[in-house]
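Read through the structure below, which is laid out as structure tokens, and then see the notes.
The values are calculated or read from the model by the stated rules, or taken from the named source; none is laboratory data. Since the structure is predicted, the reported quantities are computational estimates derived from the model, not experimental observations. Here the Cβ is made from the backbone with ideal geometry for all residues, glycine too, and neighbour counts use every protein chain on show. SASA here: full protein model, heavy atoms, side chains in, ligands and nucleic acids out. Shrake-Rupley method; radii C 1.70, N 1.55, O 1.52, S 1.80 Å.
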Amino acid sequence: MKIYTDFLVLGSGIAGLSYALKVAEYGSVTLISKAELRETNTCYAQGGIAAVMYDPDDHEKHIADTINAGSGINNPDIVRMVVEEGPAEIQQLINWGVDFDKTDDGKYDLAREGGHTEYRILHHKDITGREIQYRLTDQLLKKKNITILENHFALDIITQHHLGKEVKRNHKDTECYGAYILDLKTREIKTVLAKKTMIATGGIGSVYQTTTNPTVATGDGIAMVYRAKGMIENMEFMQFHPTSLFDPNTRPSFLISEAMRGYGAILKNRKGEDFMPKYDKRGSLAPRDIVARAIDHELKIHGDDFVYLDVTHKDAEKTKTHFPNIYRKCLEKGIDITKELIPVVPAAHYACGGIKVNIDGQSTINHLYAAGEAASTGLHGANRLASNSLLEGIVFANRAAKHSSIDLNSIEHKEDIPDWDKSGTTYPEERVLITQTYKEMQMILNSYVGIVRSDLRLDRALHRLEIIYNETEELYKKSTLLQSLCELRNMINVGYLIIKMAKARKESCGLHYTLDYPKKEGK
Ligand code: FAD
Ligand code: SIN
């Protein structure tokens, strides 16, 4: 079956939804989500969205904080653009109905998180992502020219390169014409032909054993673009959030928002010591890479499984008002956070790298865009500043929407695209192999490619990953129709990219810390 659309959007988080809402002004849109529309990383976001709102904050401070958190390897033009265009996109969210909390004087109630020198985080209690996801979805459902395909899984993008030329990454000879999409209910594979394709498939947390990300975060978009020979970069910069609730039996790990540390909560070790000042003068509010590494070190030297976050010294009623979701969730687990310490551990949280895009969200493949967590824009450098991700998603979706509509009318749909050839493929008999390989892959990444790395650990990871890569490719050749197998294959691809890029970086910088090169190059 062939479907023709002007814009194909893969993903229904902040990036996909806001791009779809904007390009719907210019043509027909088909939006794909592999689960239900609302099952996204966006929906889980807690702390909020960073933007300069009032004095004494200003653009220069937000720029400096972003670059400081990113270890200075951010793209300064991109940082400036995002910070300067951010407030208009916040207004766009408000126009779409997003309700950010206000104080009694009618101003927005701004919070603070690690690495921010000013209060600049707009939020909706501690469920900001859910508020954004629901309000944008409300808008989407009103649009007549957007076709929504939930429970549809994008298998691969459709690309062609000019014949006779060797295909290299980072060249502009490859064109994208849409994607092959598996209907998860009927098992039919649809050929969706689009003039412009947007990859907004989100994060990669599922590659790790412990993560704050929902299970949809399997890096599919990044793997698809890699297979199509698009450029992927900065994958070594995997961010671990310092404070996820210690609860080994629950996946994803429940996040204890950094906004709680911005509110005054303090990290303590088992002896009750406020250990962070030993590592950084900003204490519990240092940037995430520093805090996660400090916790990792404390756990190793004391042989503990978790550290504590202490918010008991704050006013109990205020704590409940500011963090109703966290209060309720912890209470369900038997912890009253107004009276008891919260056991926390770092967990894989956010991919700073991804599909390389330019200032307009264009990837290195023609007519293919990327935005949100799947993209690498240059904003984050070696470590993302808290709450800059939702901001990046909406700013780049807007940029890409403008850019991709410019030449729309001069583009024809590609007609001679063959349908997906599924002859000879069957369901694998031993599905248990997929689940076991999934666990092996997560163990490899957690054990050897976590917060602290070394050449030996990375070599070991690569060696072990190669074995499961070969086994999985064999399985895939016979049975492409299984979502779990396709995701496993994508995650192994992503794991490979993290290891390969980590091996190539012979220094410690931001989120990439290696025992063999403990300093930043030139320091
Ligand atoms: P997502 O919101 O993850 O959406 C991805 C979409 O792609 C989903 O619809 C998914 O179904 C779809 N998809 C994926 N693969 C396929 C496929 N093969 N076929 C079809 N569809 C596919 N950032 C902040 O700035 N502030 C915060 O307070 C904050 N808190 C966070 C808290 C948590 C617990 C987590 C996990 C993240 C948090 N982040 C926060 C990060 C931020 O939420 C994400 O980076 C951001 O929401 C990503 O948005 P996105 O649109 O790129 O992708
Ligand atoms: C949080 O609320 O701590 C998450 C913020 C983020 O990931 O930006």
### Message
Quick check on my filter: what residues within the stretch 334-356 are part of a strand (DSSP E or B), among the hydrophobic types (A, V, I, L, M, F, W, C) and within 16 Å of ligand 2 (Cβ to nearest atom)?
### Response
ILE342, VAL344, VAL345, ALA347, ALA348, ALA351
### Task
Could you tell me which residue of the stretch 334-371 is farthest from ALA20 (Cα to Cα), considering only residues that are touching a Cys at 6+ places or on another chain (Cβ under 6 Å) and more than 16 Å from ligand 1 (Cβ to nearest atom)?
ILE337
### Task
Could you please let me know if PRO242 is in contact with a Phe, Trp or Tyr (Cβ under 7 Å, 6 or more places away or on another chain), within 13 Å of ligand 1 (Cβ to nearest atom) and open to solvent by less than 10 Å² (accessible area, probe 1.4 Å)?
no
### Task
Answer yes or no: is there a residue in the stretch 389-399 that is open to solvent by less than 20 Å² (accessible area, probe 1.4 Å) and charged (D, E, K, R).
yes
### Task
Could you identify the single residue in LEU379, LEU390, LEU385 that is closer than 30 Å to ILE121 by Cα, outside any loop (DSSP other than H, G, I, E, B) and within 15 Å of ligand 2 (Cβ to nearest atom)?
LEU390
### Query
Picking from LYS195, LYS190, LYS185, LYS229, which residue would you name as being open to solvent by 10 Å² or more (accessible area, probe 1.4 Å), assigned to a loop (DSSP other than H, G, I, E, B), touching a strand residue (DSSP E or B) at 6+ places or on another chain (Cβ under 8 Å) and touching a residue at least 12 places away in the same chain (Cβ under 8 Å)?
LYS229
### Message
When you check LEU331 against the structure, is it more than 16 Å from ligand 1 (Cβ to nearest atom), outside any loop (DSSP other than H, G, I, E, B), surrounded by fewer than 22 Cβ atoms within 10 Å (Cβ to Cβ) and aliphatic (A, V, I, L, M), yes or no?
### Response
yes
### Matching entry among LEU462, LEU433, LEU456 (being modelled with pLDDT under 95 and of a type in the set (A, V, I, L, M))
LEU433
### Query
Quick one: which of ASN325, ASN383 is closer than 27 Å to GLU89 by Cβ and open to solvent by less than 10 Å² (accessible area, probe 1.4 Å)?
ASN383
### Task
Could you please find all residues in the stretch 264-285 being farther than 15 Å from ILE342 by Cα and in contact with a strand residue (DSSP E or B) (Cβ under 9 Å, 6 or more places away or on another chain)?
PHE275, MET276, GLY283
### Message
Any residue in the stretch 384-396 that is within 11 Å of GLY115 (Cα to Cα) sitting within a Cβ distance under 6 Å of a residue that is more than 9 Å from ligand 2 (Cβ to nearest atom)? List the pairs, counting only those 6 or more apart or interchain.
### Response
ARG384/CYS352; LEU385/ASP65; LEU385/THR66; LEU385/ALA69; LEU385/GLY115
### Long-range neighbours under 6 Å by Cβ, at least six apart or interchain, first residue in contact (Cβ under 8 Å) with a residue 40 or more places away in the chain within the stretch 291-318, second among the β-branched types (Val, Ile, Thr) and assigned to a helix (DSSP H, G or I)
VAL307/ILE295; VAL311/THR319
## Note on the structure
Here the residues within the stretch 427-475 that are open to solvent by less than 90 Å² (accessible area, probe 1.4 Å) and not in a helix (DSSP H, G or I) are PRO428, VAL449, GLY450, ILE451, VAL452, ARG453, SER454
## Note on the structure
When every residue in the stretch 357-373 that is under 14 Å from the mean Cα position of the chain (by Cα) and more than 16 Å from ligand 2 (Cβ to nearest atom) is compared, the one farthest from THR174 (Cα to Cα) is ALA371
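Name the single residue, out of those in the stretch 174-220 being at positive phi and away from ligand 2 (no atom under 16 Å from the Cβ), that is nearest to the chain's Cα centre (by Cα).
Per the stated criteria, the residue is GLY219.
Residues checked against (1) among the hydroxyl-bearing types (Ser, Thr, Tyr); (2) surrounded by fewer than 24 Cβ atoms within 10 Å (Cβ to Cβ):
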residue	(1), (2)
TYR4	yes, yes
GLU25	no, yes
THR30	yes, no
ALA35	no, yes
ALA45	no, no
### Task
Name the residue, out of THR30, THR42, that is within 14 Å of ligand 1 (Cβ to nearest atom), among the hydroxyl-bearing types (Ser, Thr, Tyr) and assigned to a helix (DSSP H, G or I).
THR42
